[in-house]
Amino acid sequence: MVEVKERPKTRTERTEGMAHSIRKIGIVGAGQMGNGIAHVCALAGFHVLLNDVVPDRISEGLATINGNLARQVSRQRITDEQRQAAIKRIAPANSLDELGDCDLVIEAATEAEDVKRKIFAALCPLLKPETIVGTNTSSISITRLAAATDRPERFIGIHFMNPVPLMELVEVIRGIATDDPTFEATKQFIGKLSKQMAVSEDFPAFIVNRILLPMINEAIYTLYEGVGNVEAIDTAMRLGAHHPMGPLELADFIGLDTCLSVMQVLHEGLADSKYRPCPLLVKYVEAGWLGRKTQRGFYDYRGDKPVPTR
């Protein structure tokens, strides 16, 4: 009897198979970005497990998702049936062990390289060999993070914009070792979320933050040097440049600690003085005035309406 050998799959067939295998997604980090990613994934039909090192953040994240989905229903962007179905697709994962059978895990923790490395060290041994690991980092080297894992070829940057349910763009960043099947699977995954993809090379802060954060930093320098106060700077950019929100208001929305982290990555990675974080930004972060999430930043949010702090 003649043995018939199976024809080897082409690269296209392998990448399509890999893409179609993404059905269950783990999210590590249930904060603003993590719960937003879980929201859009569940709405697109994926099963989602939401994990955080602090259990209360998971329940808070689920409550935020429910509220944001309800808001979409009230604005007639989705139906109530879609909302209910999405909620049923999301479950809490109280430990990383529960993410073991996920097809894609996206890390959405704080923008600190040591924190991310610790997560990958604990997470990767628990995953299936074929699982893709993505990071939502907004600035850190994908190649360097991938090297801290057991699967650099299946590691990729998947940077969502904030707020995730509203923003159409996802930046995708390949590390030096990221293979074609991982990139193609990620591309198809983003397509299913009805998002647009921009591919960036693995340089500090990628595309969006390479352009956006120096602008915010310059606005803080403009405040620091007394060129204008908070209200004048934000009004100037809203009305003079038609920005939807002023740069200082946007900094508070992003989080001043995140702004500082990105500027530090740019300054250290590109060794150019134009990326030096403004001393006033450093001072606000040292004070714990991080923006909306701490109720104080360039605005004080503790009253009925935001009041400039300078």
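FYI, it's all coordinate maths here, none of it is from the lab. Because the structure is predicted, anything quoted here is derived from the model rather than measured. Here the Cβ is made from the backbone with ideal geometry for all residues, glycine too, and neighbour counts use every protein chain on show.
Observations, loosely collected:
- GNM top mover of Leu62, Leu270, Leu239 - the chain, alpha-carbon springs below 10 Å: Leu239
- Most mobile listed residue (Val40, Val227, Val172) in the chain, GNM with C-alpha springs under 10 Å: Val227
- Nearest-ten-degree value, helix 32-43 long axis tilted from longest Cα axis of the chain: 40 degrees
- Between amide H atoms placed 1.01 Å from N, distances below 5 Å from Leu290 occur with Arg296, all of them 5 or more places distant or on a separate chain.
- On Cα atoms only, tilt of 113-123 relative to the major axis of the chain in degrees: 30 degrees
- Shape analysis of the range 209-305 yields a ratio of the Cα radius of gyration to the Kirkwood radius, Rg/Rh, of 0.96.
- Once both labels are positioned 7 Å from their Cα atoms along Cα-to-Cβ, the gap between Ala198 and Glu60 label points is 3.0 nm.
- Contact order normalised by residue count of the chain, Cα under 8 Å, 6+ apart, percent: 14 percent
- Contact order normalised by residue count of the range 21-200, Cα under 8 Å, 6+ apart, percent: 21 percent
- Of the peptides 86-97, 271-282, the order by per-residue mean of other Cβ atoms within 10 Å, starting with the highest, comes out as 86-97, 271-282.
- Charge context of Val285, other residues only, Cβ under 13 angstrom, K/R +1, D/E -1: -1
- In the range 167-246, the GluC sites (Glu not before Pro) that fall in loop regions by DSSP, at most 10 other Cβ within 10 Å: Glu168, Glu201, Glu225
- Each of Glu153 and Arg75 was given a label point 7 Å from its Cα along the Cα-to-Cβ line. The distance between the two points is 4.3 nm.
- With Cα atoms, 0 to 90° folded angle of helix 208-224 axis to the chain main axis: 20 degrees
- P(r), alpha carbons of the chain - 20 Å bins starting at zero, rounded %: 31, 56, 12, 1, 0
- Of Lys24/Lys118; Lys88/Lys116; Lys116/Lys187; Lys24/Lys116; Lys24/Lys195, pairs whose Cα-Cα distance is over 26 Å: Lys88/Lys116
- Taking only the alpha carbons of the range 21-200, we obtain Rg and Dmax values of 15.1, 45 Å in that order.
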